[in-house]
Amino acid sequence: MNSNIQIISFVVSFIYGLIFYFVTKINFYLIKDLKLYLKHILTFIYTLDMAIIYIIILYHINRGYFHIYFMMLVFLGFIIGYFANQKLSKLNVKKGYKN
């Protein structure tokens, strides 16, 4: 794998982490009123689907080469998405908007 493909994989992994955070937040919002066993089943299916989508994306970018630092960038994107959401929600509260 050459360096250009590796850089593209880094960027895509990071962006996927951001998207994964916000879609997870939407998922939890949609299933919050369901029974506990349905929440667990739907969350398991959701996580499995997101993992398969990530594997397919990596397969199309770099022919399926998977390195641990790609997962670290997904995790980093997820964490940055969390902190960005916290920062944005604090700004909205200070301006007088309610969630």
*Just grab the label-to-label distance for T47 and I79, each label 7 Å out from Cα along the Cβ direction, in nm (one decimal).*
1.9 nm
_Label selected from [x] 1.11; [y] 1.36; [z] 1.29, the criterion being Cα Rg over 2.2 N^0.38 Å as computed here_ = [z]
*Which residue, chosen from N62, M50, Y82, occupies the Cα position most advanced towards the positive end of the dipole of the chain, where the dipole is computed from +1 (Lys, Arg) and -1 (Asp, Glu) charges on Cβ about the Cα centre?*
Y82
*H60-K87 pseudo-label distance in nm [points 7 Å out on the Cα-to-Cβ vector]*: 3.0 nm
*For helix 36-62, what angle does its Cα long axis make with the longest principal axis of the chain, in degrees from 0 to 90 and rounded to 10?*
30 degrees
*asked:* Suppose every Lys and Arg Cβ carries +1 and every Asp and Glu Cβ carries -1, with no other charges. What dipole size does segment 15-99 come out with about its Cα centre, to the nearest 20 debye?
replied: 500 debye
_On C-alpha positions alone, give me the angle between the axis of helix 68-95 and the longest principal axis of the chain, in degrees, nearest 10._
30 degrees
*With an 8 Å cut-off on Cα pairs and a minimum separation of 6 or more residues, tell me the relative contact order of the chain in percent.*
49 percent
_Counting only helical runs of four or more DSSP H residues, what would the 222 nm mean residue ellipticity of the chain come to if each run contributes -39,500 (n - 2.57) and the total is spread over all its residues?_
-30000 deg cm²/dmol
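All of the numbers you see were taken from the coordinates with simple rules; none came from a lab. Here the structure is a predicted model, which means the values were calculated and not measured. Because the Cβ atoms are built from the backbone with ideal geometry, glycine has one as well, and the counts that use them run over all protein chains shown.
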